[in-house]
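The values are calculated or read from the model by the stated rules, or taken from the named source; none is laboratory data. Here the structure is a predicted model, which means the values were calculated and not measured. In this analysis, Cβ positions are derived from the backbone assuming ideal geometry, glycine residues included, and neighbour counts consider all displayed protein chains.
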Amino acid sequence: MADDRESPTPAEQVARLYEQAESQAAKSSERLVGSHGFASLLGQLAENTAALTKLGNDGMDLVIRNLRVAGRRDVIRLARQLARTEDKLERVLQELEEVRDQLRDRDGQAPGATSARASRRARSGDATGNGAPAGPSPAKRSGQSRRAGKDGGDQSGQPPGS
Amino acid sequence: MSALDTLSRLPRASVEFANVILTTPDAAIGRTPRDVIWTHRQTTLYRYRSTVRSHPLPVLLVFALINRPEIFDLRPGNSFIEFLLDEGYDVFLVDWGEPDEEDADMGLAEFVCDELHWAVRETLRCAGEDELTLLGWCIGGTLSAMYCALNPGGPVRNAMLLTTPIDPSDSLYARWVGGDQFDVDLIAESYPAIPGAGIDWANKLMKPVTNYVTTYRRLFQAILEGRDPRESYQAMAKWVADNPPFPARAYREWITWMYKENRLVAGRLRLRNRRVDLSEIEQNLLVVTAGADHIAPPGGTVPLLDLVASEDVTHLDRPGGHIGLMAGSRAKHEIWPELADWLGERSGR
């Protein structure tokens with residue numbers, strides 16, 4: 001039994017040799033890709049690919065433009081306009097929520113709770129740096145989602161604030 | 001197994017091997033039920049509800065821009081999200097989506113100051129809490145660190161940064177893209193959305209034999225020996241192959257600021273005219289590094305420990321790779337319980 005374990009079969013020997021070779025190849029290849037020469041080669045390869053892609057895209061765009069057909073650039077321009085509108089809408093929604101929270105605080109909550117929340121808001125500050133509504137403002141909503149997502153819908157089944 | 005046995009099993013093993021490879025795209029990953037909480041442009045915030053919620057503080061998960069966040073929820077029985085839910089946490093996840101050419105104007109400032117900032121806001125509103133735990137992994141960790149630095153005293157109580165590049169100057173990536181030989185401007189100009197396949201190729205090229213040979217050899221060997229690696233292999237392989245494009249502006253900024261100029265650790269990175277000063281981070285901080293991480297080597301993360309102002313700083317350095325540490329077969333019994341212990345002590349009211 002012991003002898004059997006000590007002497008590997010030819011198949012096991014082949015497998016072990018292969019694994020050793022693979023391990024050596026792995027180490028060598030990692031040394032190779034870590035060299036500055038390889039980094040240079042990779043940089044040039046990336047540049048060539050990028051330049052060729054740009055040439056191809058520009059040529060294709062020119063053809064499509066001359067055919068008076070809406071091309072990729074036109075679609076992107078439209079999509080960016082939509083994105084800008086969505087940005088503005090998001091900021092308006094956040095402002096609305098801030099105002100609604102303030103109104104709710106003023107109408108229905110104890111003065112102590114209101115001041116605590118206000119102080120938390122002041123502490124959290126504004127990281128947007130672009131005049132967007134101030135930092136995250138918590139509102140106790142017991143896990144209810146705020147508004148419909150792309151594919152999720154309003155979890156409460158009711159319009160916000162209802 | 002004798003040579004004859006091996007030979008007789010070869011045809012069947014070959015067919016099964018081919019079947020495992022070919023049906024990988026059908027593998028089901030990210031199966032834990034979730035709700036869409038908020039969307040903006042490509043970003044979606046998801047909520048995973050715990051049925052045994054015992055910790056008031058929600059956990060917001062942030063992953064990298066170059067892979068899908070399903071790695072947090074790889075497959076039933078091996079899902080970090082499932083684990084957190086069982087531990088009693090309310091879990092939220094930021095999904096950056098699939099940016100396309102129209103998102104080429106998305107820079108790091110947009111991701112940190114808009115998308116992440118608003119995701120934090122929505123998480124707090126939805127959970128009905130004032131504070132949360134921010135858990136960032138890979139680039140997601142760097143974005144989370146930037147967010148914490150810009151919001152000292154903000155709503156983040158605990159920051160957990162997993163295999164996060166902070167000072168990548170000594171990494172292989174820095175050697176590849178940090179020098180003048182890599183013209184990031186030309187690439188960002190040519191590709192409004194840097195193809196995910198290109199980034200995946202570069203990632204795999206860091207360990208070419210391991211990624212292109214050893215992985216498949218081990219799979220074949222496991223099948224030949226009668227084991228059933230289908231589920232685990234397919235889930236990981238599907239996730240690895242799913243690489244969303246990197247918006248050109250964010251890519252240009254990431255490569256230039258992190259790898260060419262190393263601005264973050266030097267305190268010279270500015271987002272929307274505000275300096276990202278890591279010494280402003282004062283949250284309870286957990287930094288996890290993986291000993292065999294070739295993408296974000298531990299040496300590129302630990303400088304953070306000396307920079308932050310946090311009084312509660314913990315560093316875990318564990319064996320494993322960049323992804324394997326958290327998503328490998330041993331993670332569930334090794335690193336996850338450690339994370340849960342750290343978090344549990346800091347998640348009360």
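When you check B:Asp105 against the structure, is it more than 17 Å from the chain's Cα centre (by Cα), surrounded by fewer than 22 Cβ atoms within 10 Å (Cβ to Cβ) and in a loop (DSSP other than H, G, I, E, B), yes or no?
Taking the combined requirement at face value, the residue satisfies it.
Does B:Asp130 satisfy the condition of being more than 26 Å from B:Arg49 (Cα to Cα), outside any helix (DSSP H, G or I), of a type outside the set (A, V, I, L, M) and over 19 Å from the mean Cα position of the chain (by Cα)? It would help to see each step written out before you state the result.
Values: more than 26 Å from B:Arg49 (Cα to Cα): no; outside any helix (DSSP H, G or I): yes; of a type outside the set (A, V, I, L, M): yes; over 19 Å from the mean Cα position of the chain (by Cα): yes.
No; evaluated as a whole, the condition is false for this residue.
Under 7 Å between Cβ atoms, at least 6 apart or on separate chains: pull out the pairs that start in the stretch B:245-264 with a residue that is farther than 19 Å from B:Gly300 by Cβ and end on any residue that is of a type in the set (Ser, Thr, Tyr) and buried (at least 18 other Cβ atoms within 10 Å of the Cβ).
Partner pairs satisfying both residue conditions: B:Ala248/B:Tyr191.
Only one residue in B:Ala309, B:Ala340, B:Ala292 is touching a helix residue (DSSP H, G or I) at 6+ places or on another chain (Cβ under 9 Å), more than 29 Å from A:Gly34 (Cα to Cα) and in a loop (DSSP other than H, G, I, E, B). Which one?
Values: B:Ala340 fails: in a loop (DSSP other than H, G, I, E, B); B:Ala292 fails: more than 29 Å from A:Gly34 (Cα to Cα).
Going through B:Ala309, B:Ala340, B:Ala292 in turn, just one is touching a helix residue (DSSP H, G or I) at 6+ places or on another chain (Cβ under 9 Å), more than 29 Å from A:Gly34 (Cα to Cα) and in a loop (DSSP other than H, G, I, E, B): B:Ala309.
Examine the stretch B:4-26 for a residue that is buried (at least 18 other Cβ atoms within 10 Å of the Cβ) and in a loop (DSSP other than H, G, I, E, B), and state whether such a residue exists.
No, there is no match, as no residue in the stretch B:4-26 is buried (at least 18 other Cβ atoms within 10 Å of the Cβ) and in a loop (DSSP other than H, G, I, E, B).
Confirm whether B:Pro152 is surrounded by 21 or more Cβ atoms within 10 Å (Cβ to Cβ), of a type outside the set (Lys, Arg), within 13 Å of chain A (Cβ to nearest Cβ) and touching an Asp or Glu at 6+ places or on another chain (Cβ under 6 Å).
Working: surrounded by 21 or more Cβ atoms within 10 Å (Cβ to Cβ): no; of a type outside the set (Lys, Arg): yes; within 13 Å of chain A (Cβ to nearest Cβ): yes; touching an Asp or Glu at 6+ places or on another chain (Cβ under 6 Å): yes.
Taking the combined requirement at face value, the residue does not satisfy it.
Before we move on, is B:Leu305 of a type outside the set (D, E, K, R) and out of contact with any strand residue (DSSP E or B) (no Cβ under 8 Å at 6 or more places or on another chain)?
Working: of a type outside the set (D, E, K, R): yes; out of contact with any strand residue (DSSP E or B) (no Cβ under 8 Å at 6 or more places or on another chain): no.
No: the conditions fail for B:Leu305.
When residues of the stretch B:106-117 are filtered for being touching a helix residue (DSSP H, G or I) at 6+ places or on another chain (Cβ under 6 Å) and either under 13 Å from A:Arg84 (Cα atoms) or within 7 Å of chain A (Cβ to nearest Cβ) (or both), how many remain?
Result for the stretch B:106-117: 1.
Does B:Arg47 qualify as being under 18 Å from the mean Cα position of the chain (by Cα), of a type outside the set (A, V, I, L, M), assigned by TED's automatic domain parsing to the domain that holds B:Ala159 and within 22 Å of B:Arg349 (Cβ to Cβ)?
Details: under 18 Å from the mean Cα position of the chain (by Cα): yes; of a type outside the set (A, V, I, L, M): yes; assigned by TED's automatic domain parsing to the domain that holds B:Ala159: yes; within 22 Å of B:Arg349 (Cβ to Cβ): yes.
Criteria met by B:Arg47.
I'm trying to understand the selection: among the residues of the stretch B:139-160, which are under 19 Å from B:Leu84 (Cα atoms) and modelled with pLDDT under 95?
Correct list: empty.
Going residue by residue through the stretch B:182-198, is there one that turns out to be touching a Phe, Trp or Tyr at 6+ places or on another chain (Cβ under 9 Å), surrounded by fewer than 18 Cβ atoms within 10 Å (Cβ to Cβ) and in contact (Cβ under 8 Å) with a residue 24 or more places away in the chain?
Step one: filter the stretch B:182-198 for residues touching a Phe, Trp or Tyr at 6+ places or on another chain (Cβ under 9 Å), giving B:182, B:184, B:187-188, B:191, B:193-196, B:198.
Right, trim to surrounded by fewer than 18 Cβ atoms within 10 Å (Cβ to Cβ) and you get B:195, B:198.
Then drop every residue that is not in contact (Cβ under 8 Å) with a residue 24 or more places away in the chain, which leaves B:195.
Looking through the stretch B:182-198, at least one residue is touching a Phe, Trp or Tyr at 6+ places or on another chain (Cβ under 9 Å), surrounded by fewer than 18 Cβ atoms within 10 Å (Cβ to Cβ) and in contact (Cβ under 8 Å) with a residue 24 or more places away in the chain.
Is it the case that the stretch B:70-81 has a residue that's modelled with pLDDT of 95 or more, touching a Leu at 6+ places or on another chain (Cβ under 6 Å) and outside any loop (DSSP other than H, G, I, E, B)?
For the stretch B:70-81, residues modelled with pLDDT of 95 or more, touching a Leu at 6+ places or on another chain (Cβ under 6 Å) and outside any loop (DSSP other than H, G, I, E, B): present.
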